[in-house]
2 protein chains.
Amino acid sequence: MEQMAIQKIDFKVQSESNSSSKSEISVRDFKVIVDEPEQLGGTNHAPNPVEYILCGLTGCVHILAYKVAKELNFELQDLKIHVSGELNPEKLFGMPTDDRAGYQNIHVKLNPITNANEDLLKKWLEIMAERSPVLDNLLNPTTVSITIG
Amino acid sequence: MEQMAIQKIDFKVQSESNSSSKSEISVRDFKVIVDEPEQLGGTNHAPNPVEYILCGLTGCVHILAYKVAKELNFELQDLKIHVSGELNPEKLFGMPTDDRAGYQNIHVKLNPITNANEDLLKKWLEIMAERSPVLDNLLNPTTVSITIG
């Protein structure tokens, strides 16, 4: 079968205001609720924005982990992923700080159950890191326009 | 009341494998499901990783929009946010391409209901853009370590 040309995809979401901290976001037929925990000024009904960034990264690495394992012809019997990131919320709160607003560092730890050897797992890791959309958008600058209207 | 020093926060998530495309992610007491639509190789049970990135950005802008409006002493009666991003999935699929893996551009459009004037809204936009953690992590490079074990 001939390889089909892939079109650029335009992903879209839109939010309704639920309160000053809580938004309800439509993503195709899905709803995603975002809130803040009480200590960050919210009502704690859902994960907060920066936690969703870690979820996006986790899900992206998960999907690539299985995809690349299949390409490299080894079986991934199970996979757990731990992702963490350190963030100083002072800038968010408008307090004086030299720290950036966002995550300073993010750490991804993969616990695969597989009988692939170390060399193969190293290759697996390199390929998935190269091809992960979310990782790319975190590691490298992305243009973001913000407008009113 | 004296301003309390704010500690750096360590945000954490962890995933269980549900299938090759679907992961179930624990975020404090919340569960977030990530999947891919069928045309991207998944089972379409939830938003996909890059859609969660747009949700995180939307939620972050939402929270700052209300916070900064309050600081600037105007009322935000309602707020809708549209966020979109273009992505070429060829790199994700391991196809030859000069395009990056992630979003090439992201667009945020705010529809506030308010009687604040244009100058005030311009200031509002500038302050929230400066202080948004998610926006910072997209606009600027972030260190991400990936390890096995």
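Readers should treat all values here as calculations from the given coordinates under stated rules, not as data from a laboratory. For clarity, every value in this text was computed on a predicted model and none was experimentally measured. Glycine gets a Cβ as well: all are built from the backbone with ideal geometry, and neighbour counts include every protein chain shown.
Yes or no, residue by residue, for (1) under 30 Å from B:Lys123 (Cα atoms); (2) surrounded by 18 or more Cβ atoms within 10 Å (Cβ to Cβ):
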position	(1), (2)
A:Leu87	yes, yes
A:Thr114	no, no
A:Glu118	no, no
A:Ile148	yes, no
B:Asn73 fails exactly one of (1) assigned to a loop (DSSP other than H, G, I, E, B); (2) buried (at least 17 other Cβ atoms within 10 Å of the Cβ), namely (2)
Tell me, which residue of segment B:26-48 that is of a type in the set (D, E, K, R) and surrounded by fewer than 17 Cβ atoms within 10 Å (Cβ to Cβ) is farthest from B:Lys122 (Cα to Cα)? B:Glu38
Across segment A:76-112, what is the total count of residues that are charged (D, E, K, R) and more than 19 Å from B:Thr147 (Cα to Cα)? 5
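For B:Glu51, are the conditions met, namely being charged (D, E, K, R), buried (at least 23 other Cβ atoms within 10 Å of the Cβ) and free of Cβ contacts under 8 Å to residues at least 12 places away in the same chain? Step through it out loud before you land on a result.
Numbers: charged (D, E, K, R): yes; buried (at least 23 other Cβ atoms within 10 Å of the Cβ): yes; free of Cβ contacts under 8 Å to residues at least 12 places away in the same chain: yes.
For B:Glu51, the condition - charged (D, E, K, R), buried (at least 23 other Cβ atoms within 10 Å of the Cβ) and free of Cβ contacts under 8 Å to residues at least 12 places away in the same chain - is met.
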Listed by first then second residue, the pairs whose first member lies in segment A:105-116 and is facing another protein chain (nearest Cβ under 7 Å), whose partner is among the hydroxyl-bearing types (Ser, Thr, Tyr), with beta carbons under 6 Å and at least 6 positions apart or on separate chains, are A:Asn105/B:Thr143; A:His107/A:Ser84; A:His107/B:Ser145; A:Lys109/B:Thr147
Name the single residue that is nearest to the other protein chains (Cβ to nearest Cβ) among those in segment B:124-146 being surrounded by 14 or more Cβ atoms within 10 Å (Cβ to Cβ) and of a type in the set (Asp, Glu). B:Asp136
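Given B:Lys67, B:Lys80, which one is out of contact with any strand residue (DSSP E or B) (no Cβ under 7 Å at 6 or more places or on another chain) and under 18 Å from B:Ser132 (Cα atoms)?
On the way: B:Lys80 fails: out of contact with any strand residue (DSSP E or B) (no Cβ under 7 Å at 6 or more places or on another chain).
Step by step, each of B:Lys67, B:Lys80 is checked, and only B:Lys67 is out of contact with any strand residue (DSSP E or B) (no Cβ under 7 Å at 6 or more places or on another chain) and under 18 Å from B:Ser132 (Cα atoms).
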Quick one: which of B:Leu121, B:Leu87, B:Leu79 is among the aliphatic types (A, V, I, L, M), free of Cβ contacts under 8 Å to residues at least 40 places away in the same chain, at the interface with chain A (Cβ under 7 Å from one of its Cβ atoms) and closer than 19 Å to A:Cys60 by Cα? B:Leu87
